[in-house]
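What follows draws every value from the coordinates through simple rules; no lab data is involved. Remember, predicted model here, so these are calculated numbers, not experimental data. With ideal geometry, Cβ positions are generated from the backbone for all residues, glycine too; neighbour counts draw on all protein chains shown.
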Amino acid sequence: MERMKAILLLALAATASAQTIQVQSLFQPAPLSGIWKHQKGDDPRWADPSFDDSAWQNVKMPERSVNPGDGFSWFRLRLRLPENMPKEPLALMIGGFGLAQAYEVFWNGERIGMLSEPAGNLWTLVPPVPRVFEVRPAVRDVVIAIRLRTVFIPWVYRLDALHRTSWIGTSQPVALLAEAWQSRRIDRVLPQLLIAAALMIPGFFFLLLPLWRRDAPEYYWFGIWLLSTTLGRALGVYPDAFGLQRGLVVSCAIILATGFTVGSWVGVISAIFQRRVTLAAWLAAATGLLVNTAPLILSIGGVSVPEFSRSLAALVVSICLFLVYYELGWQRSRPGERTGAIHIAILGYLATNCLVFTGQLIWRGEIFYVQGNLARTVSLLLFTFAMTILINQRSVRLQRERERLGRELESAAEVQQLLLSSSSGTNSLLDIDPVYLPAQEVGGDFYVVLNHNTLLVGDVSGKGLKAAMQVSATVGALRALHLASPGALLAALNDSLADHTGGGFVTCVCVRFDAQGMTVANAGHIPPYRNGMETEVDSGLPLGVVTGMVYPETTLPFGPGDRVMLLSDGVVEAANAKSELFGFDRTREISMQSAQEIAAVAKAWGQNDDITVVTIGVTQREAQA
């Protein structure tokens, strides 16, 4: 029996010796690489050097063979220091453990320092950075215990094996080693930081360009997208440069940048392909934002989140970006649009992201992570370069097209003015003063003088070029009619326009002046104003709605001293900045003024539709006679 106990003691001693890290020299920093012990949970007794940790899990450090997970866990390691000890003070540098961490370090049961506060809230946890602690060894055999708290907070930068290594040595070399740790980290991420800085320059340029080119919103949205994308990447690899020293703050900043990335992507695709954002596109964007934020919300709520959730969330965001592009760009592209190169650039960029994040889910090793980031960086550079050229080419092409359309609209406006002028007649007995102010280059109002004594003022439903074309058709139809009676004229015009208004209609008032006075027929238009008062006349349906309409006529007195005003609804419906209409009362008050003055008052009030005013009076020669 005694012999068996001796054998067991020898075996335990051999095992402990095999798990003890032998430090050969302390004159240069020595890595604490070897077998460490790890146990999840929290117990203050585990700091005692005499505690039996033989049942704990063996961990080969600094390889990433164990994930501390969320919550508290302990690491213990045994050191044997060399006989030849330096006279200088010693220092212990602890490498990184988790994605957000805080810990206390015990040297042979005595606490020698801590990083942040393990018992604090989530906001106290910091990204994995090295920390140097001063030690004063009294014996050669040392037990180091580390009480660690880690939480997986997504979007905090990752560490390789070199940056997870802990060291021991004299104070000055270890301090230099900590500085070198930061230098190596910067060297590792410097290319990505330089690329991000380089891409931010065109991002600011695109963001400010709409100040000079307000007709090109794609520049604005692409600038926001480029800035938020590059900022998110820079925060992910080196948040310290932005003064962010807390893991949770870093994650919130990256998620906020990702939110701008997703939102501005919707704007980019909508502006490039000139499509209104659909409900499906909004739902895809909202899904991406929700999935991107979910790991952080779960971590704050105390739910343990696996580390691969970061790559999974990034993959879902990339898929949502593709769905936005499919909904607004690919699916709604019209045949003949010269956007093939833009489609290729977008598909290449999105496909690269999806492949990289899928690979990170399948192969979670450090090598693939670095290579995947390199592929994404190259893809972003190529995509930015391609989109810069393509957006500029498209913008130049659209600008030329707008200029061409502008010239055509100017020509159409000149033709419309000529058409209305040529339709006017002269009458030595009537003083006719017309004013026509379209809300756009061309409009949907018209006025016509027929047979020297018959006037028509009308308004086509709608605005712009389509309404102007309907005006041309209406005036052309009027020229073909040779009827003296206003009611008969409107009835014939109504039949000729039926089924030719494209679902719209035409309001019109017709007035004939002769020795008996003025005869009025109205088709849904504002009645004439006579001597400052609105006349009461019967009205029929607008023209072009149904055939076979009969428009009743009303005869009113008209002679020397009388004044009649015909107008369109652009006068009474003028609205100021407070959305207050000009209205019929104000129109009645100024109805005795000249057509130029009436139109000017309505325009100054707030023109939002075509304005047409025609005033008619008896000439002075006729009045004297």
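When the dipole is taken about the Cα centre of the stretch 190-401, and only Lys, Arg (+1) and Asp, Glu (-1) are charged at their Cβ, what size is it in debye, to the nearest 20?
480
Between Val546 and Lys87, what length comes free when the chain is fully extended (0.36 nm per residue of separation minus the Cα-Cα distance, one decimal in nm)?
Answer, rounded to one decimal: 154.3 nm.
At a 10 angstrom cut-off on C-beta neighbours, averaged per residue, how do the peptides 91-104, 592-605 rank from highest to lowest?
Output ranking for 91-104, 592-605: 91-104, 592-605.
Highest mean first, what order results for 486-499, 231-244 on Cβ atoms within 10 Å?
With the highest mean Cβ count within 10 Å placed first, the list reads 486-499, 231-244.
Report the FRET efficiency, 1/(1 + (r/R0)^6), for Ser25 and Leu361, where r is their Cβ-Cβ distance and R0 is 45 Å, rounded to 0.05.
0.55
Work out, step by step, the length gained on full extension between Ala241 and Val303: first 0.36 nm times the residue separation, then minus their alpha carbon distance; give nm to one decimal.
Difference between extended and current length: 19.3 nm.
What length, rounded to one decimal in nm, is gained on full extension from Ala488 through to Asp514, with 0.36 nm per residue of separation minus their alpha-carbon distance?
7.7 nm
What is the distance in Å between the Cα centres of the stretch 228-266 and the stretch 277-301?
The stretch 228-266 and the stretch 277-301 have Cα centres separated by 16 Å.
How far apart, in nm, are the 7 Å Cα→Cβ label points at Asp141 and Asn608?
Distance between label points: 9.1 nm.
Please get the size of the charge dipole for the stretch 16-179, origin at its Cα centre, with Cβ charges of +1 on Lys and Arg and -1 on Asp and Glu, quoted in debye to the nearest 20.
Dipole magnitude for the stretch 16-179 comes out near 200 debye.
Find how many whole Å separate the alpha carbon centroid of the stretch 493-559 from the alpha carbon centroid of the stretch 27-96.
Taking the Cα centre of the stretch 493-559 as reference, the centre of the stretch 27-96 is 98 Å away.
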